[in-house]
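The structure appears right after this line, and notes come after that.
The values are calculated or read from the model by the stated rules, or taken from the named source; none is laboratory data. Note that this is a predicted model, so its numbers are computed, not measured. Note: ideal-geometry Cβ built from the backbone for every residue, glycine included; neighbour counts use all protein chains shown.
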Amino acid sequence: MQHPGDCDAACFDDTVPRAQAYLAAGADCVYPIALRDGPMLQALVNAIDAPVNVTAGSGVPELAELARLGIARVSTATRLATVALAAVDRAATELLSSGRFDCLASGFGYPDAQRLFDSE
């Protein structure tokens, strides 16, 4: 799901009372989907007494900065799947336009895929 735009000052003004309402209703954390700005994230962390989680993506501060801001959790949500689907789309487009299978070459092979599922 795409969320239109980033949270601006007007959006943020609604974020704190909304977060407080969720917490009053029993939520144990808040997840401001459109909030990406470091200073606004810091302000939210300071404004509420609960963990703040963010979604990873372009424009979001680096992990170290998020940790410094007090962000409790960073979720990739659908981002890894959409990155993989973009690779599928590029390969399929190339395959259809060229008729060649060179686009299927990858530095990530079957043993690498198997390694992802090793339990050791």
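Looking at this structure, is residue 84 modelled with pLDDT under 90 and either under 30 Å from residue 32 (Cα atoms) or not assigned by TED's automatic domain parsing to the domain that holds residue 57 (or both)? In short, no. Residue pairs whose Cβ atoms lie under 6 Å apart, sitting 6 or more positions apart in sequence or on different chains, and linking a residue in region 1-13 that is at negative phi and of a type in the set (Ser, Thr, Tyr) to a partner that is loosely packed, with under 10 Cβ neighbours inside 10 Å and at pLDDT below 75, do not occur here. Taking region 28-46 as the range and being among the aliphatic types (A, V, I, L, M), part of a loop (DSSP other than H, G, I, E, B) and touching a helix residue (DSSP H, G or I) at 6+ places or on another chain (Cβ under 8 Å) as the test, the residues that pass are 34, 35. For region 47-89, residues that are surrounded by 12 or more Cβ atoms within 10 Å (Cβ to Cβ), among the polar types (S, T, N, Q) and not in a strand (DSSP E or B) total 3. Against the list (1) without any contact (Cβ under 8 Å) to a residue 24 or more places away in the chain; (2) of a type in the set (Asp, Glu); (3) in the same structural domain as residue 19 (by TED's automatic domain parsing), the condition residue 65 fails is (1). Among the residues making up region 55-74, those that are of a type outside the set (Lys, Arg) and at pLDDT 95 or above are 61, 62, 63, 64, 65, 66, 67, 69, 70, 71, 72, 74.
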